[in-house]
Amino acid sequence: MTTATDATLETWASQEYKYGFVTDIETDSLPPGLNEDVIALISAKKNEPEWMLQWRLKSYRHWLKMTEPTWQNVHYPPIDYQSIIYYSAPKQDKDRPQSLDEVDPKLLETYEKLGIPLQEQEALAGVAVDAVFDSVSVATTFKAKLAELGIIFGSFSDAVQEHPDLVQKYLGTVVPYSDNFFATLNSAVFTDGSFAYIPKGVRCPMELSTYFRINALSTGQFERTLIIADEGSYVSYLEGCTAPMRDENQLHAAVVELIALDDATIKYSTIQNWYPGDKDGKGGIFNFVTKRGKCQGRNSHISWTQVETGAAITWKYPGCILIGDNSVGEFYSIALTNNHQQADTGTKMIHIGKNTTSNVVSKGISAGFGQNTYRGMIKINKGADHARNFTQCDSLLIGDKCGAHTFPYIEVKNSTARMEHEATTSKIGEDQMFYLNQRGISTEDAVSMIVNGFCKEVFRELPMEFAVEAQRLLEVSLEGSVG
Amino acid sequence: MLEIRNLHASVEGHEILKGVNLTVNAGELHSIMGPNGSGKSTLAQVLAGRDTYKVTQGEVLYEGRNLLEMDPDERARAGVFMAFQYPVEIPGVNTAYFLRAALNSIRKHRGLEELDAADFLDWVKDKMKLVDMDERLLNRSINEGFSGGEKKRGEILQMAVLEPKLAIMDETDSGLDIDALKIVARGVNTLRSADRAIIVITHYQRVLDYIVPDFVHVLIDGRIVRSGGKELALELEEKGYAGVEQKNAATEPITS
């Protein structure tokens, strides 16, 4: 590009991460370190039943025997698990606020600043929000309205108190406590997260959403989300994430479990905008997450949509276990790595039932020194007659210092299966930019036009209110990537 | 409208344009002809602002402004349009969306109201008839999967939509069969007007049977070696570039 454009681009590049502020709030934190006492303390602070504590301890003991995985295509310095704070919560006068009016105004202000008003009268119409701040859920909107329909939506901690039967019945049934290093760590120390249950035949009338915010220094966020869609129900759920700018890396190791019974549908969307580190790769969140859905019932449907623009390292494979006959699993992903960000993400689709279908559309965008890996596994088990999979995996490179990598694994044990895999890699060409410029379109608009065009199929899957937000986020994250 | 003075340009240290002089006024249609490698396309690209070509000497004035100081998108908004010899494919970007964005950026620059999607559609549909283009192409990605002829007609369509003041057509005729050539020529002829200048760059005389130029220039080895009226094209056809070059090797500024 020309020098004049370079200058504009540099101004952009120096723009700061918009959500990098810190809320000055008194916290109740445990000292750093992890042992059985810490776990017991977390459990006690949450007033958990004995079975919950035992599950945590079982996980912890198992974790001690595990080693951190190294097969993923990302690089980071060793994590010192004893220097992490496993519990940090804003201090409150009472044990927990009983209503939104009792939530610390500083917290409300924080979410206001993030563009998430928690006062119901100001909240986005049609979106119920559970706000998780460091280790605890601080507020949930529209809880009462949803309860009228029998929908349970709120913090995981509340669910353990109020609906222990549901939690006990489903917890760990999709991601077992022993699943993998980070999921097992989460099982031992998870502090909060969201819980949703949609009763039989109910179509949830609003988007459910959780907004995750890491605030405290040296704190790890280990949240756990559990969503159960009972027979014939429908729910669309969205999560968003941000964190302050810090020079050190912070660990976010979450677990999400989805369960869809007969004829139920769950749409789960993520807009992940954790602090990505500075332009030299200093700081940023390690986003090591295990997300999995179980299509347990016939004709059930689970759809994952993710827009991953933040985090220093993203390492996740939202997948589906397709048990029910005719069930459908979907994965739509946009992963963007700019500067020194790394992403190793994709999906796992396990076909068990007959006539099961999975669709995978992955769009990786690499800019700056970013490294982007798609890793996907499609497994067709013996009994999965007439299973079908379609995978499309596209990479877009901006500049010549970034990388795109693809690792598709396909395992077919049934000869009636139909598999399709398409992959492309392209580069935003100088000739494309010149063509658009020559028609009067500025360089910045040209980049976002090309990138948005590249991601179109995934944006279409997002709830309307968030598709626009996601597009804007992509533009901001790409600023300074073309020069 | 356009004044090119002693323009020298090189790519990767290799000098291609070696002192081009040319003046183009509003309402005129100029044709620049020349053999392969003479610098025709380089001239077009330099005028449009492609930065792979370095201008080493000379100046270009466009409506009294120094064109060479302007970014490519700035030039476009100021009314400079180039029809590409090889129109670029941009997967995923809807043609109608792109054209409307381009039109609105130019309209904004001209102080006109931006068009919404419905108004734009009316606007563009009229223009599509001019080049016999199927409206369905509007919903496809830019140039993706277009035939060679569709791409070239698409360039004329864009020109018709964007209404430039100065249009440079870089070998728009190459690779077209006679029917497509006639359609392209009809489009260009319709767009000729008293306040618009057009430069048709071509290798072959053939296109000039359909688009009759006011002036013809012969570009050989980075210089305009002869200028004349439309009959010069016919002479070229008869004698070839070598014959024309010998007859007049003058390099003094030629104005029209």
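Can you confirm whether B:Arg107 is more than 20 Å from the chain's Cα centre (by Cα), touching a residue at least 12 places away in the same chain (Cβ under 8 Å) and within 14 Å of chain A (Cβ to nearest Cβ)? Walk me through how you get there before you give the answer.
Numbers: more than 20 Å from the chain's Cα centre (by Cα): yes; touching a residue at least 12 places away in the same chain (Cβ under 8 Å): no; within 14 Å of chain A (Cβ to nearest Cβ): yes.
Here the answer is no, as B:Arg107 does not meet what is asked.
Among the residues in the range A:422-429, are any surrounded by 16 or more Cβ atoms within 10 Å (Cβ to Cβ) and over 17 Å from A:Gly293 (Cβ atoms)? Can you show your working first?
First, the residues of the range A:422-429 that are surrounded by 16 or more Cβ atoms within 10 Å (Cβ to Cβ): A:428.
Checking the rest, the ones that are also over 17 Å from A:Gly293 (Cβ atoms) come to A:428.
Checked against the condition, which is being surrounded by 16 or more Cβ atoms within 10 Å (Cβ to Cβ) and over 17 Å from A:Gly293 (Cβ atoms), the range A:422-429 yields at least one hit.
With respect to B:Glu89, is the statement that it is farther than 25 Å from A:Met449 by Cα and within 11 Å of another protein chain (Cβ to nearest Cβ) true?
Working: farther than 25 Å from A:Met449 by Cα: no; within 11 Å of another protein chain (Cβ to nearest Cβ): yes.
Criteria not met by B:Glu89.
Looking only at the range A:316-334, residues that are touching a helix residue (DSSP H, G or I) at 6+ places or on another chain (Cβ under 8 Å) and not small (Gly, Ala, Ser) come to 2 in all.
Of the residues screened, A:Thr443 is not one that is open to solvent by 60 Å² or more (accessible area, probe 1.4 Å), within 14 Å of chain B (Cβ to nearest Cβ) and among the hydroxyl-bearing types (Ser, Thr, Tyr).
Kindly indicate which of A:Phe222, A:Phe212 is modelled with pLDDT under 85 and surrounded by 23 or more Cβ atoms within 10 Å (Cβ to Cβ).
On the way: A:Phe222 fails: modelled with pLDDT under 85.
Going through A:Phe222, A:Phe212 in turn, the sole match is A:Phe212.
For the range A:197-208, the set of residues classified as modelled with pLDDT under 95 and either part of a loop (DSSP other than H, G, I, E, B) or open to solvent by less than 10 Å² (accessible area, probe 1.4 Å) (or both) consists of A:Cys204, A:Pro205, A:Met206, A:Leu208, listed by residue number. Close Cβ contacts (under 6 Å, 6 or more residues apart or on different chains) running from residues in the range B:55-76 that are at the interface with chain A (Cβ under 9 Å from one of its Cβ atoms) to residues that are open to solvent by 20 Å² or more (accessible area, probe 1.4 Å) comprise B:Asp71/A:Thr2; B:Asp71/A:Ala4; B:Asp73/A:Ser442.
Quick test for you: out of B:Thr52, B:Thr56, pick the one residue that is within 19 Å of the chain's Cα centre (by Cα) and either open to solvent by 40 Å² or more (accessible area, probe 1.4 Å) or hydroxyl-bearing (Ser, Thr, Tyr) (or both). B:Thr52 is the lone residue from the list that is within 19 Å of the chain's Cα centre (by Cα) and either open to solvent by 40 Å² or more (accessible area, probe 1.4 Å) or hydroxyl-bearing (Ser, Thr, Tyr) (or both).
Return yes or no: is A:Arg418 more than 13 Å from chain B (Cβ to nearest Cβ), in contact with a Phe, Trp or Tyr (Cβ under 6 Å, 6 or more places away or on another chain) and of a type outside the set (Gly, Ala, Ser)? Spell out the reasoning first.
Numbers: more than 13 Å from chain B (Cβ to nearest Cβ): yes; in contact with a Phe, Trp or Tyr (Cβ under 6 Å, 6 or more places away or on another chain): no; of a type outside the set (Gly, Ala, Ser): yes.
Against the criterion (more than 13 Å from chain B (Cβ to nearest Cβ), in contact with a Phe, Trp or Tyr (Cβ under 6 Å, 6 or more places away or on another chain) and of a type outside the set (Gly, Ala, Ser)), A:Arg418 does not qualify.
Within the range B:110-131, the set of residues being over 20 Å from the mean Cα position of the chain (by Cα), farther than 12 Å from B:Leu162 by Cα and not basic (Lys, Arg) comprises B:Gly111, B:Leu112, B:Glu113, B:Glu114, B:Leu115, B:Asp116, B:Ala117, B:Ala118, B:Asp119, B:Leu121, B:Asp122, B:Asp126. Just a yes or no: is a residue in the range B:142-153 part of a helix (DSSP H, G or I), touching a residue at least 40 places away in the same chain (Cβ under 8 Å) and under 20 Å from the mean Cα position of the chain (by Cα)? Yes, because at least one residue in the range B:142-153 is part of a helix (DSSP H, G or I), touching a residue at least 40 places away in the same chain (Cβ under 8 Å) and under 20 Å from the mean Cα position of the chain (by Cα).
Any residue at all in the range A:309-324 that's in contact with a His (Cβ under 7 Å, 6 or more places away or on another chain) and open to solvent by less than 10 Å² (accessible area, probe 1.4 Å)? Checked the range A:309-324: at least one residue is in contact with a His (Cβ under 7 Å, 6 or more places away or on another chain) and open to solvent by less than 10 Å² (accessible area, probe 1.4 Å). So which residues in the range A:145-168 are within 21 Å of A:Tyr234 (Cβ to Cβ) and surrounded by fewer than 20 Cβ atoms within 10 Å (Cβ to Cβ), if there are any at all? Those that are within 21 Å of A:Tyr234 (Cβ to Cβ) and surrounded by fewer than 20 Cβ atoms within 10 Å (Cβ to Cβ): A:Lys145, A:Ala147, A:Glu148, A:Leu149, A:Gly150, A:Ile152, A:His163, A:Leu166.
The values are calculated or read from the model by the stated rules, or taken from the named source; none is laboratory data. No experiment lies behind these values; they were computed from the predicted model shown. Ideal geometry is used to build each Cβ from the backbone, glycine not excepted, and the neighbour counts take in all protein chains shown. Calculation scope for accessible area: heavy atoms of the full protein, side chains included, ligands and nucleic acids excluded. Shrake-Rupley method; radii C 1.70, N 1.55, O 1.52, S 1.80 Å.
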